[in-house]
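K.L.:
After the C-alpha cells below, expect a handful of questions from me.
The values are calculated or read from the model by the stated rules, or taken from the named source; none is laboratory data. Quick caveat, the model's predicted, so the values are computed rather than measured. Please note: Cβ atoms are built from the backbone with ideal geometry, for glycine as well, and neighbour counts cover all protein chains shown. Note: accessible area is taken over every heavy atom of the protein model, side chains too, but ligands, DNA and RNA are not part of it. Shrake-Rupley method; radii C 1.70, N 1.55, O 1.52, S 1.80 Å.
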Protein chains: 2
Amino acid sequence: MNQALRLGVAGLGTVGASLLQLTQRHADELALRCGRPVVVTAVTARDRFRDRGVDLSAVAWYDDPISLAQSPDIDVFVELMGGADGSAADSVRAALDAGKHVVTANKALLAKHGTELARRAEQNSVSLNFEAAAAGGIPIIKTLRESLAGNRVGRVYGILNGTCNYILTRMEREGIAFDVCLAEAQRLGYAEADPTFDVDGFDTAHKLALLTAIAFGTEINADAIYVEGIRSISTADIEAADELGYRIKLLGVATRTESGIEQRVHPTMVPKSSPIARVDGVTNAVAVEADFVGRLVLSGPGAGGDATASAVMSDIADLARGDVVGTFGRPAHTLKPYQQAVMRSHAGGYYIRLAVYDRPGAFASIAKRMAENNISLESIVQRRRAPKADAPEHPQPQAPQPVMLITYETTESQVKEALDRITADGHIAEKPQMIRIEQLA
Amino acid sequence: MNQALRLGVAGLGTVGASLLQLTQRHADELALRCGRPVVVTAVTARDRFRDRGVDLSAVAWYDDPISLAQSPDIDVFVELMGGADGSAADSVRAALDAGKHVVTANKALLAKHGTELARRAEQNSVSLNFEAAAAGGIPIIKTLRESLAGNRVGRVYGILNGTCNYILTRMEREGIAFDVCLAEAQRLGYAEADPTFDVDGFDTAHKLALLTAIAFGTEINADAIYVEGIRSISTADIEAADELGYRIKLLGVATRTESGIEQRVHPTMVPKSSPIARVDGVTNAVAVEADFVGRLVLSGPGAGGDATASAVMSDIADLARGDVVGTFGRPAHTLKPYQQAVMRSHAGGYYIRLAVYDRPGAFASIAKRMAENNISLESIVQRRRAPKADAPEHPQPQAPQPVMLITYETTESQVKEALDRITADGHIAEKPQMIRIEQLA
C-alpha cells in the first residue's frame, strides 16, 4: 500500500464534520479506490471543545489556520471556513506557497480571488480544487473541466441557489407571496437571517463565475455579471407564466455570443417542457450545451453537509490518485479577461406585466409604443380582476388592470425604451415588470 | 509544450469519424486543456477508401487492428469497431499486452470480458477506459468512479437504451401499439433491423453490468442479470399507468440488498413526479443514490457519433493528463464475484393487468387468491370496454374485461404464485401482465 494522503482540515462546521465522518466511515473503501489511505491528520476550528459527533482523538489540533496550512504533517489543505477574505484567503495562499494542494468549498473566496489563486497554484505546481464550491454535490466542475474537454461549450445555465428555488417553488405551488415564503424558508433554515446574498442573486453569480471560467476559459470577474434577484416576482407573474406555458426560475446563464461571453443572473421564464423547469425545491441543476455532446443536465443537492463533503472528497480522491489538473481546466495564464456583457443588447423574448389604468385608449397607446420599437407580441393576456365581494359593483374606471405580454425575440434596449415611453405616457400605475425568456430545447 | 499523446484509432464508423473531426477541429483547445497535443497518428478500418469527411492524409493506415494495437507509433489504442469477440477483443488484448492504454466504446466487449480485461490492464500498468460504453455522452462512468469515490452507493438506475425509450414515449404520446412504434423507429434509424438486442433488454443489461461494477465493486457478469424487454407492454398498460400516476420505462436497476447486489432490467412503473419519468425519446438518464451525496440524476444523449466521441475524448484527455484509474475504480483483483439475484424474492409493489371473463364470482375468486398470498391491493381499476358500434348491444357474458391492480409491497414469489393460481382457476383469458413498480423519491 502506498503512503497515506494526509489532510489538514480548516473549519469544522457542518461540512467539516461530515468530511471527518466520511473519511472515518469509508476508510477502507477510500483506500481501495484511491490506491492509498486518505487520513485527516490535523484540524483547526474556532472552538476546540464543541461536540461535533466525530472522534478527534487521533488528529492534531492547530489553533491557527495558517500554521495548519504550512504544517509539514499535511499534504492537502482543506479549507472549509468560508469568507472571501480573512483567514480563508490568508491560509489558502499560505498553503499554496508552502507547496500544499488545496481543496476548498468556498465560492466567495474563488469568486473574488479565483484567478490570482489559480496562478499561485500553478506557480507552486500544486492543485486548487473546488468541486464543492458550485452546485454542492453535483459533479459539474469535473464534468466541465474533464468530461467535456473535447467540446466547445455554447451555453451553461442552471439553478444554482436552493433558497431561491425553494421560494419560487412554494410561491407556485401554494400561491403565496414572496415575503411569506422567505419567512418560511428562514424558519426552516433554508434561508439566512440576512437573505440578500441568496435572494438578490449574488450567490448564484459567484457560482456562475466559476462555471464560466472552466466552460469558456475566462478569468473570474463576478462583479461584471449582470445580477437581478427574485424579490420582484409576484404570484401574478407566476400564474401568468403558468398560463403561458412557462415556469419562473432564478437562472445563472453564461452564453457564447458574437460579442463575447455573456454572463447573467435573473429570474427567467423557462418552457415547462424543459428539464430545468421541473427542478423543484432546494435541488440544484446545471445544463451544458456543447458542440459534440449536445445537451447534458445534471441535478442533485446543491447544499448540505453530507453532499458538500461528497464533493470535497471527490477533489481529494483526485489528488490521492495523483491527478493534477489546472484549477480552471487549463493553464491559469491562458484565461482571457472577462468584460461585462452589455445587457441592453441581450436578444430574446420577454414577458412584461403592466398595471394598466382601465380607460379608453390605454392599451392602444401601449401597443403603439411596442410597435414603434419594432417589438412583436406573441401573446397578450388581459384578465379583468374579479370584483371583491365588498367592492362597489362597478370598479372605478381608473382601477389598474394587469396586462401580460410575451414578445417575440427582440433586444433588451428596445424593450427598455418601449417601457420607458409607456411609463411616461401615464397609462400604467406601477413600474413595469419585465422577465426574460430563455429559449431552451 | 509536452510531447503529443498519439492515438491509434481502430474503426472509422460514425463514432470514429466524429472523433477524428473532434481532434482536428479542437486541436488547440485540447492541447491547452490536456497540457499536451492530442493527435491521431494511425487508423485502421474495413474500407480504406470510403469518404468519411475527414482528412486522413497525415495519418498512418494499418490494414490490421492487431498491428495497430502493437504499433510503436501510438500511446493509446482507441477501439471503436464493436463486437464482443473477434477483432475487437483480440486487438484490445494485444494493445494492453503491448503496454498501450486502451479507450473503448464497446459495451458488448466489456460486458463479456470486462473483468479479464481490467486485470490484464492492471498487470500491464495501463488504463482501460470506457466512458462511452454506457449512456453515451453522459459522464456517468467518471461520476461513479471518481466523483462519488467517498460514497457508499445504495442504488443506481437508469434509462440506458434510447430505442426502448423512444418506443415507449411514442406509445404513450400517440396511443399506438408497440409493433407500429418499432417499425417507425426502424424507419427513422433509431432501431436496428434486428431489434432483439435493444427491445429485449440485453443492451441495457450490458450497460448496467458496467455501472454496477464501478458502483458496487462487483465483477462483470451480464448473464446473471434478470432481463425482461418491452415487447409485452400494451397501450392498455400505458393508459392504466397514466391513470394510476405512473409512467412505464425500461429501467436497468442495481440495488444493494441484504442478500447482496440485485441487478435487473425490466419495464418499470415509475411515479410521474420522479425525474426519470420525465425523460423522453432517445435521451438517456442515470440516477445514483448514495449515502453522502443523496441523489444525483444525469441526463443526456445516450448515442450518436458526436456525443459518443465526446465521451471517448473524455477518457483520452484523462490519459493525456496522466490520470491512471483502475478500470472499475479500484484494483481489478478486489472485484467481488457477482451471483444472480433471485428475482422471486424481489420486494416491491406490482401492477397487474388481467383479462377477466365477465361472469359472476370471477373477481371474488381473484381477490381471494390475492388474499391467500398476503397481497394487499392499493388500487383496482376495472373499466367496462365500450361496446363497438357494430357489436351486439349486450356483449357476450364471456367477453373478457381488463382489470388493473396495484399491490402494496409484497414479494415476487407471492405475486407469481397468486397469478399461477388465478390462471389455473380459469377466470382469465390471457397470460396476466405484471409490471414492477420502483419506489423513487
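K.L.:
Among the chymotrypsin sites (Phe, Trp or Tyr not before Pro) in segment B:12-93, which ones are in a DSSP loop with at most 12 other Cβ atoms within 10 Å of the Cβ? Mind listing them?
P.N.:
Listed in order of number, the matching sites are B:Phe49.
K.L.:
Among DSSP beta bridges whose residues both lie in the protein assembly as shown, state the antiparallel percentage, nearest 5. Walk me through the numbers before you get to the answer.
P.N.:
Numbers: 103 of 151 bridges.
Antiparallel bridges: around 70 percent, rounded to the nearest 5.
K.L.:
Under the convention of a label 7 Å out along Cα→Cβ, give the distances in nm from B:Arg46 to the same position in every other copy, shortest first.
P.N.:
Counterpart label points of B:Arg46 in the remaining copies fall at 6.8 nm.
K.L.:
Calculate what fraction, in whole %, of the accessible area of the protein assembly as shown sits on carbon and sulfur atoms when a 1.4 Å probe is rolled over the protein chains.
P.N.:
Carbon plus sulfur share of accessible area: 48 percent.
K.L.:
For label points placed 7 Å from Cα toward Cβ, what is the shortest-first list of nm distances from B:Ala429 to its copies?
P.N.:
6.3
K.L.:
In square angstrom, rounded to the nearest 10, how much accessible surface does A:Thr235 have for a 1.4 Å probe?
P.N.:
Near enough 40 Å² of accessible area.
K.L.:
Within chain B, what percent of beta bridges assigned by DSSP are antiparallel, to the nearest 5?
P.N.:
The antiparallel fraction comes to roughly 70 percent.
K.L.:
Need one word for chain B: rounded, prolate or oblate. Basis is the Cα gyration tensor (sqrt eigenvalues a ≥ b ≥ c); a/c below 1.5 gives rounded, then a/b vs b/c decides.
P.N.:
Prolate shape, in that a/c is at least 1.5 and a/b is the bigger ratio.
K.L.:
Shifting gears a bit: Given a 1.4 Å probe, show me the residues in segment A:146-178 buried by at least 20 Å² of accessible surface when comparing the whole protein assembly to the chain alone.
P.N.:
A:Glu146, A:Ser147, A:Ala149, A:Gly150, A:Asn151
K.L.:
Could you derive backbone 3J(HN,Hα) for segment A:182-193 from the dihedral phi with the Karplus parameters 6.51, -1.76 and 1.60 (θ = phi - 60°), listing whole Hz in sequence and x where the residue is Gly or Pro?
P.N.:
4, 4, 5, 4, 5, 4, 8, x, 7, 9, 6, 4
K.L.:
Using the charge dipole of chain A (Lys, Arg: +1 at Cβ; Asp, Glu: -1 at Cβ; taken about the Cα centre), state which of A:Thr411, A:Gly426, A:Ile66 has its Cα farthest towards the positive end.
P.N.:
A:Thr411
K.L.:
Quick one: order B:Leu377, B:Leu250 from most to least accessible surface, probe 1.4 Å.
P.N.:
B:Leu377, B:Leu250
K.L.:
Taking the Cα centre of the protein assembly as shown as origin, sum charge times position over the Cβ atoms of Lys and Arg (+1) and Asp and Glu (-1), and report the length of that vector in debye to the nearest 20.
P.N.:
300 debye
K.L.:
Moving on. Mean-square fluctuation check for chain B, GNM, Cα pairs under 10 Å: which of B:Ala105, B:Ala134, B:Ala399 is largest?
P.N.:
B:Ala399
K.L.:
Would you list, by chain and number, the lysines whose Cα falls below 28 Å from the Cα of B:Lys431, excluding same-chain residues fewer than 8 positions away?
P.N.:
Hits, sequence-local ones excluded: B:Lys249, B:Lys272, B:Lys368, B:Lys388, B:Lys416.
K.L.:
Let me ask another. Tell me, what ³J(HN,Hα) does each residue in segment A:17-23 have, in order and in whole Hz, if you take phi through Karplus 6.51 cos²θ - 1.76 cosθ + 1.60 with θ = phi - 60° and put x for Gly and Pro?
P.N.:
Once rounded to whole Hz, the list reads 5, 4, 5, 5, 4, 4, 5.
K.L.:
Here's another thing I want to ask about it. What shape does segment A:161-270 have by the C-alpha gyration tensor, where a ≥ b ≥ c are the square roots of the eigenvalues, rounded means a/c under 1.5, and otherwise prolate means a/b greater than b/c and oblate the rest?
P.N.:
oblate
K.L.:
Another question about this same structure. Compute the accessible area per residue over the protein assembly as shown, keeping the other protein chains in place, probe 1.4 Å, unit Å².
P.N.:
Result: 39 Å² per residue.
K.L.:
OK, next. How big is the dipole moment of chain B about its Cα centre under a simple scheme where the beta carbon of each Lys and Arg is +1, that of each Asp and Glu is -1, and everything else is neutral? Debye, nearest 20, please.
P.N.:
620 debye
K.L.:
Give me the residues in segment B:272-294 whose solvent-accessible area, probe 1.4 Å, is reduced by at least 10 Å² once all protein chains are included instead of the chain isolated.
P.N.:
Buried on complex formation: B:Arg278, B:Asp291, B:Phe292, B:Val293.
K.L.:
Continuing with the same structure: Most fluctuating residue of B:Ile428, B:Ile276, B:Ile230 in a GNM of chain B with Cα springs under 10 Å: which is it?
P.N.:
B:Ile428
K.L.:
Restricting to DSSP H runs of at least four residues, report the calculated mean residue ellipticity at 222 nm for the protein assembly as shown, -39500 (n - 2.57) per run over all residues, nearest 500 deg cm²/dmol.
P.N.:
-10000 deg cm²/dmol
K.L.:
Another question, if that's okay. Can you give the relative contact order of chain A as a percent, counting alpha carbon pairs under 8 Å and 6+ residues apart?
P.N.:
That works out to 16 percent.
K.L.:
Now, a different point. Sum up the charges of everything whose Cβ sits under 12 Å from the Cβ of B:Ala309, counting Lys and Arg as +1 and Asp and Glu as -1, but leave B:Ala309 out.
P.N.:
Working: positive: B:Arg25; negative: A:Asp291, B:Glu131, B:Asp306, B:Asp315.
That works out to -3.
K.L.:
Let me ask another. Which of these, A:Ile375, A:Ile248, A:Ile141, has the largest mean-square fluctuation under a Gaussian network model of chain A (Cα springs below 10 Å)?
P.N.:
The residue that fluctuates most here is A:Ile375.
K.L.:
I've got another one for you. Have a look at the DSSP beta bridges in segment B:140-301 and tell me what percent are antiparallel, nearest 5.
P.N.:
95 percent
K.L.:
Distances in nm, one decimal, shortest first, from B:Asn374 to the same residue in every other copy, taking the label point 7 angstrom along Cα→Cβ.
P.N.:
Nearest to farthest, the other copies are at 7.5 nm.
K.L.:
Quick one: if you stick a label point 7 Å off each Cα along the C-beta vector at B:Asn374 and B:Glu192, how many nm between them?
P.N.:
Calculated label separation equals 4.3 nm.
K.L.:
Given a 1.4 Å probe and no ligands, DNA or RNA in the count, how much accessible surface is buried by B and A, both sides, to the nearest 100 Å²?
P.N.:
On the way: alone 19170 and 19120 Å², together 34180 Å².
Result for this pair: about 4100 Å² buried.
K.L.:
Something else: Do any GluC sites (Glu not before Pro) in segment A:225-279 lie in a loop, going by DSSP, with at most 14 other beta-carbon atoms within 10 Å of their beta carbon, and if so which?
P.N.:
Here the GluC sites (Glu not before Pro) that fit, given the DSSP loop and packing criteria, are A:Glu258.
K.L.:
Residues with beta-carbon under 13 Å from that of B:Ile428, excluding B:Ile428: net charge, scoring Lys, Arg +1 and Asp, Glu -1?
P.N.:
Details: positive: B:Arg353, B:Arg359, B:Arg369, B:Arg421, B:Lys431; negative: B:Asp358, B:Asp420, B:Asp425, B:Glu430.
Local charge sum for B:Ile428: +1.
K.L.:
Can you order the peptides A:306-317, A:206-217 by their average number of other Cβ atoms within 10 Å per residue, highest first?
P.N.:
Top of the packing list down: A:306-317, A:206-217.
K.L.:
Shifting gears a bit: Label segment A:3-83 by shape, choosing from rounded, prolate and oblate, from the square roots a ≥ b ≥ c of the eigenvalues of the Cα gyration tensor; if a/c is under 1.5 it is rounded, and otherwise prolate applies when a/b is larger than b/c, oblate when it is not.
P.N.:
Oblate, because a/c is 1.5 or more while a/b does not exceed b/c.
K.L.:
In addition: Considering every residue in A:299-309, what mean count of other chain Cβ atoms within 10 Å of its Cβ is obtained?
P.N.:
4
K.L.:
Taking the axis that carries chain A onto chain B, what is the nearest Cβ in chain A, and at how many Å, to the whole number?
P.N.:
So the closest residue, with its distance, comes out as A:Asp323, 2.
K.L.:
Kindly provide the trypsin sites (Lys or Arg not before Pro) of segment A:1-86 that DSSP labels as loop, not H, G, I, E or B, and whose Cβ sees at most 14 other Cβ atoms within 10 Å.
P.N.:
Working: sites: A:Arg6, A:Arg25, A:Arg33, A:Arg46, A:Arg48, A:Arg50, A:Arg52; in loops: A:Arg46, A:Arg48, A:Arg50, A:Arg52.
Sparse-neighbourhood loop trypsin sites (Lys or Arg not before Pro): A:Arg46, A:Arg48, A:Arg50.
K.L.:
Among residues other than B:Gln123 whose Cβ falls under 14 Å from its Cβ, what is the net charge (Lys/Arg +1, Asp/Glu -1)?
P.N.:
Around B:Gln123, the surrounding residues sum to +1.
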